[in-house]
1. Would you call residue 182 surrounded by fewer than 19 Cβ atoms within 10 Å (Cβ to Cβ), assigned to a strand (DSSP E or B) and in contact (Cβ under 8 Å) with a residue 12 or more places away in the chain?
2. With the requirement that a residue be in contact (Cβ under 8 Å) with a residue 24 or more places away in the chain and on the phi > 0 side of the Ramachandran plot, what does region 573-599 give you?
3. Given the conditions (1) under 30 Å from residue 708 (Cα atoms); (2) assigned by TED's automatic domain parsing to the domain that holds residue 324; (3) surrounded by fewer than 18 Cβ atoms within 10 Å (Cβ to Cβ), report the number of the one that residue 620 does not fulfil.
4. Could you identify the single residue in 344, 397, 353, 309 that is outside the structural domain of residue 147 (by TED's automatic domain parsing) and surrounded by 21 or more Cβ atoms within 10 Å (Cβ to Cβ)?
5. What about residue 747, is it within 30 Å of residue 516 (Cα to Cα) and touching a strand residue (DSSP E or B) at 6+ places or on another chain (Cβ under 7 Å)?
6. Could you list all residues from region 591-625 that are more than 30 Å from residue 656 (Cβ to Cβ) and in a strand (DSSP E or B)?
7. Please note which strands (runs of 3 or more DSSP E) are completely contained in region 666-711 and include at least 2 residues that are touching a helix residue (DSSP H, G or I) at 6+ places or on another chain (Cβ under 8 Å) and over 30 Å from residue 509 (Cβ atoms).
8. Go through 365, 323, 410 for me and flag whichever is under 30 Å from residue 126 (Cβ atoms) and in contact with a strand residue (DSSP E or B) (Cβ under 9 Å, 6 or more places away or on another chain).
């Protein structure tokens with residue numbers, strides 16, 4: 001006779017030390033107590049996708065896994081053994097495909113609501129996409145307590161806490177769902193699908209499962225432990241839990257295995273062990289990532305007015321956490337919070353340490369491709385693919401304990417290219433982020449290729465603008481301008497900087513969402529502020545505005561980052577009759593990774609940037625965190641650009657040598673256009689004849705210099721609107737230093753003066 005040992009594991013809780021248990025990795029990354037992604041399984045139905053899947057690994061070895069679908073508040077699949085199959089793209093960001101379930105499936109549900117509303121379980125969502133209506137069920141977030149994960153959600157008006165767990169009975173795994181709720185009405189929960197049909201009901205159900213060939217006979221057993229009148233019902237092959245109204249605390253236990261092994265498991269299923277208090281686990285607990293990673297800043301060594309300090313990433317680290325940096329922002333005390341594509345947020349201290357010592361503290365883990373971050377009121381908000389997450393450190397130990405779902409209205413599909421990108425707030429407190437269009441460009445959801453607006457309280461998401469393709473970076477200036485970049489592709493002839501206006505359409509017809517102009521007027525889209533040729537920017541990043549005078553002579557100026565080239569530009573806007581156009585000039589700087597996000601530190605007034613390497617970029621490092629530091633040396637760059645019938649007026653930050661400035665041989669001006677079409681990108685074509693692939697060279701007939709020697713006015717042989725103007729110059733400053741660069745601009749209108 002086998003001896004049955006019942007321990008604390010029967011409570012459904014496995015309390016662990018701060019050391020990470022083994023089991024929930026197939027690629028060497030320790031992701032923390034949970035992982036979020038679009039999770040693919042072939043059980044219990046083919047192509048069972050949880051678009052917003054939260055995978056919780058339970059047990060002392062974390063070798064049993066439960067995937068929650070937070071759109072539908074169901075358990076999509078639970079399995080034992082191997083974890084998830086990650087493609088190469090989980091390390092290199094190109095084409096990330098949904099992770100696939102490995103191991104042995106135990107139970108699951110088909111795609112559809114996990115709880116009934118008014119007794120109904122029909123999936124009435126538009127195109128079977130997005131989350132359930134709030135009045136039906138809504139995910140609210142999750143709590144971490146040690147290695148335990150407690151999910152919070154609502155069903156109707158009832159608040160629910162749920163924690164997955166596992167009870168070990170010998171070698172057998174009994175998977176548990178411990179649930180607490182207080183409901184004024186009865187509720188129905190979907191427990192699992194694909195069981196033999198029948199009319200059985202009660203507190204425990206047992207099924208003989210069909211097997212193939214000579215496999216041993218299999219059984220599935222399900223039991224309710226605790227609760228007041230909670231019962232199970234076999235509704236034509238679907239097991240439902242019927243939950244009476246009132247305050248309930250109960251656990252559903254499920255076991256699947258060889259029929260011959262059922263006897264010892266049956267005793268555990270019949271156990272009346274006391275259930276844990278889930279509410280007690282929502283107060284925060286000891287941290288898991290207690291030791292910071294300490295590194296050294298590498299100061300920039302060039303002798304120019306701006307240098308790039310390398311704020312060394314925390315590599316290596318004990319968890320093999322990848323540092324593909326997405327969004328970041330500054331906390332009130334001057335530390336930086338940085339999100340990483342693979343799911344982490346780090347807190348970086350020591351940015352202004354005289355000895356250059358940086359401390360990196362792992363703050364949060366497990367999130368779904370976070371690529372934007374904003375600090376509001378001291379709290380960290382993170383743009384994830386599945387939701388806008390607000391992080392809470394409940395006990396002040398430097399780690400997030402509650403990952404609040406601030407807004408999860410965005411629709412997710414399996415297409416890799418629909419990243420949610422960047423995060424900014426306007427003066428009213430509304431949040432803005434952009435969502436990429438799919439690749440291939442077959443738009444299949446209402447949010448692909450849009451700029452999205454989330455209300456200050458997180459209760460509402462609206463499509464603010466459409467027609468975006470790969471809007472990797474955005475910005476929101478002190479003047480209220482909302483901007484976003486986009487990259488060459490279909491209906492995107494080149495990279496560009498857009499000024500976003502509510503209701504605008506920005507060119508990618510597949511992502512027009514009903515707002516595209518008719519086919520006989522395909523150019524009637526909102527024109528960008530500025531185009532940039534592939535030679536200067538093959539993949540665009542974000543924008544930032546200079547704040548204050550500590551960063552040289554550019555106070556209030558917009559900056560533009562090139563992800564593909566790892567460079568930085570100053571933007572010189574001009575408004576003509578309500579139309580905004582701009583020019584850009586590149587800073588002579590290079591960054592270690594594809595530059596995407598920029599913020600100015602409120603402590604030292606310097607520009608900080610983050611970036612990553614994954615999509616095509618000249619960056620050489622997986623992730624880069626940099627400080628662009630003003631040294632106080634003279635700045636000799638263009639700062640303003642004005643195009644009028646009188647010529648092109650360029651203002652520099654320092655006086656110019658008069659002879660070199662007035663020498664027309666030191667100036668070269670060209671115009672060209674791009675072709676807007678469904679093809680991928682465009683050649684550079686003549687403004688006079690789009691069939692001719694050439695630049696139109698303009699003659700500089702004269703150059704005038706202002707009295708302060710900072711502003712030149714170029715008289716040109718002709719000046720017409722053009723998608724691209726290039727002004728190349730080779731000058732000297734008044735102090736004899738070389739002033740050599742190129743300006744790239746777009747001319748929509750030529751001002752009268």
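The values are calculated or read from the model by the stated rules, or taken from the named source; none is laboratory data. Quick caveat, the model's predicted, so the values are computed rather than measured. Heads up, the Cβs are rebuilt from the backbone with ideal geometry, glycines too, and the neighbour counts pull from every protein chain shown.
1. Taking the combined requirement at face value, the residue satisfies it.
2. Within region 573-599, just 577 meets the criteria.
3. Every condition holds for residue 620 apart from (1).
4. It is 344.
5. yes
6. 594, 596, 597, 599, 608, 610, 611, 612, 623, 624, 625
7. Strands (runs of 3 or more DSSP E) meeting the threshold: 700-705.
8. Sole residue among the options that is under 30 Å from residue 126 (Cβ atoms) and in contact with a strand residue (DSSP E or B) (Cβ under 9 Å, 6 or more places away or on another chain): 410.
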